[in-house]
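Asker: This is the structure I want to talk about, given as structure tokens.
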There are 2 protein chains.
Amino acid sequence: MTDAERLCDLNTPALVLDEARMRRNIARLNARMERLGVTLRPHLKTAKSVEVARQQIPGETGPVTVSTLKEAEVFAAAGVRDILYAVGITPGKLARVQAIRAAGCDLAVVLDSEAQAESVIAASRASGADIPALIEIDSDGCRSGLDPSDPRIITLGRALAGAGLLRGVMTHAGDSYGALGEEALAAFAAQEQAAAVTAAEALRRAGLACPVVSVGSTPTAHAACDLTGVTEVRAGVYVFFDLVMAGIGVCAVEDIALSVLTTVIGHQTHKGWALVDAGWMALSADRGTARQARDQGYGLVCDIEGRPLEDLIVAAANQEHGIVARRPGDTRPLPHLPVGTRLRILPNHACATGAQHDAYAVIPAEPGQGLMDWPRFRGW
Amino acid sequence: MTDAERLCDLNTPALVLDEARMRRNIARLNARMERLGVTLRPHLKTAKSVEVARQQIPGETGPVTVSTLKEAEVFAAAGVRDILYAVGITPGKLARVQAIRAAGCDLAVVLDSEAQAESVIAASRASGADIPALIEIDSDGCRSGLDPSDPRIITLGRALAGAGLLRGVMTHAGDSYGALGEEALAAFAAQEQAAAVTAAEALRRAGLACPVVSVGSTPTAHAACDLTGVTEVRAGVYVFFDLVMAGIGVCAVEDIALSVLTTVIGHQTHKGWALVDAGWMALSADRGTARQARDQGYGLVCDIEGRPLEDLIVAAANQEHGIVARRPGDTRPLPHLPVGTRLRILPNHACATGAQHDAYAVIPAEPGQGLMDWPRFRGW
């Protein structure tokens, strides 16, 4: 029995992971980081899977990045010992942070305000157990963080360092997802580096130690030419890749390791539609390619082997219905896709599509052993 | 301790359900269906909760609608005895359908092609256990189903009736979500009714019994003035309502029973932003109000009591970050929202936002008993 035949036995929709592609993606960024001489701190929010994390961090103890305390708790319980929680901390979350640290995991937090720093300092003092913190720097104006020239970086640095809690600075140029092509991506990478290094140098000029200078996103990690002054790079979606990443040139469609297995449930032949049982519940409502040159709808349609199928897309989606069609302007009739046909849909955004599922059906890199079932977790 | 104080003790983000509003919403549609003299067959895909379903179907045995076989299995196990699986059936799903039926639940399927009818007839014959089917009718050109004048309705009807499996016809005018105002919605309701009744009459003229004539969506259920010939109405989101429904005039913002509890995690004061810990992972990526006159971003911001807060919206969202801001053109500064402030976000689309969570924190209709924890399920 082939793996494709095994996929035909699964209930649909289902999340499929091509382990061979994932391993290639992991090896590619690992090699790149080695060449650039920086540590990779993979962001585990994309896969939310202990099995995937083990392949991303062969030592199994870290370093890693997370986006929720639930992720921190799960990965700490799985043996990870070095975690950065990369979403601004709030006072109400400090007790959970301290519990994770007390269990032997070096969990650090990020912040960009005096109020947050005060709460971290107060909690550390009250318990006698330090909570190390990084100051978040804004490198693209898209989200949180202080401008690299903001004098509050020094104020915060002094307060944290005075309590022995200053670990460094971090930034994330999320806007790089909207860049296109090697040159634009490299410019974003340089911008991230400049912002983080500028802030670190300002702290050092003020007499404060700034051991960690952390930057990253998948596009900038793959585009950076020079990371002088940077100590670590964070990236998440590199592990699976997706159509948004392919659309900006960070990967090829053939690198995308994640897909949603679906079944044809009907047709509107006069409209050129096949209906499938993967709607937005299985694919996510993410329309990240809508702003790109090539709008992939709710995903790119592949055959059961994972090969793109005559450039069909999921043109529309309801909760449990997807409409497979040709692109606008392409008037060729649909290929023959009888009811019951299995297809695989490549996702716009791997983080969002993965989150709609509780497990991966894994096509193993070493064939002949059958599909593997790897759980995903979620929640906060 | 008040319920608002109890909400301040929860980890965020979290899904909050206002039971009093939900009960009002349920009572409103129940009363309407009673006046119109038709049976309500609630669509349980919105809440995916046995506790919510018990309030929607006081008898606890049905009738109900589902969008996945997982829903059918969970609700059948909870005692529901009359279920319509309203997504086109495929041969690969018939074994699960038969297992649910064998356990004593009258589960019916829908189809719109000869291939599907043949597989249902063959499976019924092979097992000696009937699988009743409804023919799906297309009333708005948006998804699946046969045109009400399509002669294949008779062909399918004859094949199914010959095997003793024809239960009736069903349609869903999903396009009604794009209508605006009472008159447009009533026109959609009339269109749904006309499509279903036309198809039923065609079957009857061909000498076939068509006991069930099933229509519905929340907008049409609330707008229909006359349902002559219709035997049952399906509706899902009426139980919670959401901003899309408020935007087309089916409910008021004050009727929305679902919200996402979140915490302020930072500010970009010069931009008029507050950052919160509810991104698209907690809110869903659904942007259903983007096409409406009043674009609500990723949701409308309320205070901890659930009252809209100075017309703020979640203007942008990353995976675990939301950006709270004023609407475009509104230049007033943000209200004072210190780090740690709890807010509640009303969702664009209750089905999508609910699906991002594993449980409801329920504010009980009868105060003084503390919050209740109702689980949600998911998967297929």
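Values in this text are rule-based calculations from the coordinates and carry no lab data. Just so we're clear, the structure is a prediction, and the values are computed from it rather than from any experiment. Methodologically, a virtual Cβ is constructed for each residue, glycine included, from the backbone with ideal geometry; neighbour enumeration extends over all protein chains shown.
Asker: With an 8 Å Cα cut-off and a minimum separation of 6 or more residues, compute the relative contact order for chain B in percent. Present the calculation step by step, with values, prior to reporting the outcome.
Answerer: Working: 841 pairs, mean separation 74.6, N = 380.
Dividing the mean separation by the residue count of chain B yields 20 percent.
Asker: If you take each beta carbon of peptide B:104-114 and count the beta carbons of other chains within 10 angstrom, what is the mean?
Answerer: Details: counts 0, 0, 0, 0, 0, 0, 2, 3, 6, 6, 1.
The shielding value for this peptide is 2.
Asker: Continuing with the same structure: Tell me the mean residue ellipticity at 222 nm calculated for the protein assembly as shown from its helices only (DSSP H runs of n ≥ 4, each -39500 (n - 2.57), averaged over every residue, nearest 500). Present the calculation step by step, with values, prior to reporting the outcome.
Answerer: Working: 24 runs with 236 residues, N = 760.
Calculated mean residue ellipticity at 222 nm is -9000 deg cm²/dmol.
Asker: Suppose every K and R has +1 on its Cβ and every D and E has -1 on its Cβ; what is the size of the dipole of segment A:228-370 about the Cα centre, in Debye to the nearest 20? It would help to have the intermediate numbers written out before the result.
Answerer: Details: 11 positive and 15 negative charges, 92 e Å.
For segment A:228-370, the charge dipole is close to 440 debye.
Asker: Which single residue of chain B puts its beta carbon nearest to the axis of rotation relating B to A, and what distance, in whole Å, does that give?
Answerer: B:285, 2
Asker: In what order do A:217, B:49 fall by count of nearby beta-carbon atoms within 10 Å, going from fewest to most?
Answerer: Numbers: A:217 29, B:49 23.
Least crowded to most crowded, the residues run B:49, A:217.
Asker: Can you give the convex hull volume per residue for the Cα atoms of segment A:265-380, as a whole number of Å³? Mind showing how you got there, number by number?
Answerer: Working: hull volume 14.7 nm³, N = 116.
Cα-based convex hull of segment A:265-380, divided per residue, equals 127 Å³.
Asker: Then there is this: What is the P(r) of segment B:112-189, as percent of Cα-Cα pairs per 5 Å bin from 0?
Answerer: The percentages, shortest bin first, are 3, 16, 22, 18, 14, 10, 8, 6, 3, 1.
Asker: Place +1 on the Cβ of every Lys and Arg and -1 on the Cβ of every Asp and Glu in segment B:273-380, take the dipole about the Cα centre, and give the residue among B:357, B:374, B:280 whose Cα lies farthest towards its positive end.
Answerer: Of the listed residues, the answer is B:280.
Asker: Continuing with the same structure: Using Cα springs under 10 Å in a Gaussian network model of chain A, which residue among A:266, A:174, A:92 shows the largest mean-square fluctuation?
Answerer: Greatest mean-square fluctuation among the candidates belongs to A:92.
Asker: Does segment B:27-144 come out rounded, prolate or oblate, given a ≥ b ≥ c as the square roots of the eigenvalues of its C-alpha gyration tensor, rounded meaning a/c under 1.5 and, failing that, prolate meaning a/b above b/c? All intermediate terms of the calculation are to be shown ahead of the outcome.
Answerer: Numbers: a/c = 2.12, a/b = 1.39, b/c = 1.53.
Because a/c hits 1.5 or more and a/b fails to exceed b/c, segment B:27-144 counts as oblate.
Asker: Additional query: Using only C-alpha positions, report the orientation-averaged shadow area of the convex hull of the protein assembly as shown, nm², one decimal. Present the calculation step by step, with values, prior to reporting the outcome.
Answerer: Values: hull surface 128.1 nm².
So the Cα hull casts an average projection of 32.0 nm².
Asker: Same structure, new question: Counting DSSP beta bridges in the protein assembly as shown, what percent are antiparallel, to the nearest 5?
Answerer: 50
Asker: Another question, then. Report, to the nearest 10°, how far helix B:152-162 tilts away from the longest principal axis of the Cα atoms in chain B, using its own Cα long axis and a range of 0 to 90°.
Answerer: Between the helix axis and the principal axis of chain B, the angle is about 70 degrees.
Asker: Starting at 0 and stepping by 10 Å, how many percent of the alpha carbon pairs of segment B:128-255 end up in each bin?
Answerer: The distribution over segment B:128-255 is 14, 41, 28, 13, 3, 0, given as percents.
Asker: If you fit an axis through the alpha-carbon atoms of helix A:114-127 and take the longest principal axis of the Cα set of chain A, what angle between them do you get, 0 to 90°, nearest 10?
Answerer: Approximately 70 degrees, to the nearest 10.
Asker: Compute the orientation-averaged projected area for chain A from the convex hull of its Cα atoms and round it to one decimal in nm². Kindly include the intermediate steps, with their values, before the conclusion.
Answerer: Details: hull surface 75.5 nm².
Mean shadow area of the hull around the Cα atoms is 18.9 nm².
Asker: Same structure, new question: Which order do A:113, A:67 fall in if you start with the one that has the fewest other Cβ atoms within 10 Å? Intermediate results must be reported in sequence, preceding the final value.
Answerer: Details: A:113 22, A:67 25.
Fewest to most other Cβ atoms nearby, the residues stand as A:113, A:67.
Asker: Kindly give the distances from residue B:9 to its copy-mates, label point to label point, with each label point 7 Å from Cα along Cα→Cβ, as nm values to one decimal ordered shortest first.
Answerer: Here the equivalent label points are 5.0 nm apart from this one.
Asker: Considering only Cα-Cα distances, which of the following residue pairs are longer than 22 Å: B:45/B:70; A:48/A:93; A:70/A:93; B:70/B:93; A:271/B:70? The partial results should precede the final answer.
Answerer: Numbers: B:45/B:70 10 Å; A:48/A:93 20 Å; A:70/A:93 11 Å; B:70/B:93 11 Å; A:271/B:70 30 Å.
Checking Cα-Cα distances, A:271/B:70 exceed 22 Å.
Asker: Moving to a separate point now. If you place +1 on the Cβ of every Lys and Arg and -1 on the Cβ of every Asp and Glu, how big does the dipole about the Cα centre of chain B come out, in debye to the nearest 20?
Answerer: On the way: 36 positive and 43 negative charges, 86 e Å.
Dipole size: approximately 420 debye.
Asker: Which distances, shortest first and in nm, link residue B:194 to the matching position in the other copies, using label points set 7 Å out along Cα to C-beta?
Answerer: In ascending order, 6.3 nm.
Asker: Now for a separate question. Quick check for me: using +1 on Lys/Arg Cβ and -1 on Asp/Glu Cβ, what's the dipole size of segment A:38-239 about its Cα centre, in debye to the nearest 20? Mind showing how you got there, number by number?
Answerer: Details: 17 positive and 22 negative charges, 145 e Å.
The dipole of segment A:38-239 has a size of about 700 debye.
Asker: In what sequence do A:366, B:232, A:310 fall when counting other Cβ within 10 Å, fewest first? The partial results should precede the final answer.
Answerer: Numbers: A:366 7, B:232 20, A:310 11.
Ascending number of Cβ neighbours within 10 Å: A:366, A:310, B:232.
Asker: What are the label-to-label distances in nm, one decimal and shortest first, from residue B:78 to the same spot in the other copies, with labels 7 Å along Cα to Cβ?
Answerer: 3.1
Asker: Starting from the amide H of residue A:62, placed 1.01 Å from N in the peptide plane, find each other amide H under 5 Å away whose residue is 5 or more places distant or on another chain.
Answerer: A:81
Asker: With viscosity set to 0.692 mPa s and temperature to 37 °C, compute the Stokes-Einstein D of segment A:137-179, Rh being the Kirkwood radius across alpha carbon pairs; µm²/s, no decimals.
Answerer: Values: Rh = 11.4 Å.
After rounding, the answer is 287 µm²/s.
Asker: Let's test the formula: R0 of 41 Å, r as the Cβ-Cβ distance of residue B:31 and residue A:365. What FRET efficiency results, to the nearest 0.05?
Answerer: 0.10
Asker: Compute the long axis of helix A:181-205 from its Cα atoms, compare it with the longest principal axis of the Cα atoms of chain A, and write down the angle in degrees, 0 to 90, nearest 10.
Answerer: Tilt relative to chain A: about 20 degrees.
Asker: By its C-alpha gyration tensor, with a ≥ b ≥ c as the square roots of the eigenvalues, how is segment A:77-148 shaped: rounded for a/c under 1.5, else prolate for a/b larger than b/c, else oblate? Show your work: numbers first, answer last.
Answerer: On the way: a/c = 2.62, a/b = 1.46, b/c = 1.79.
Taking the square roots of the gyration eigenvalues as a ≥ b ≥ c, segment A:77-148 is oblate.
Asker: Give the distance, in whole Å, between the Cα centre of segment B:27-106 and the Cα centre of segment A:117-189.
Answerer: That distance is 50 Å.
Asker: What per residue convex hull volume, in Å³, do the alpha-carbon atoms of segment A:38-239 yield? Numbers along the way, then the final one.
Answerer: Values: hull volume 21.1 nm³, N = 202.
Enclosed volume per residue, from the Cα hull, is 105 Å³.
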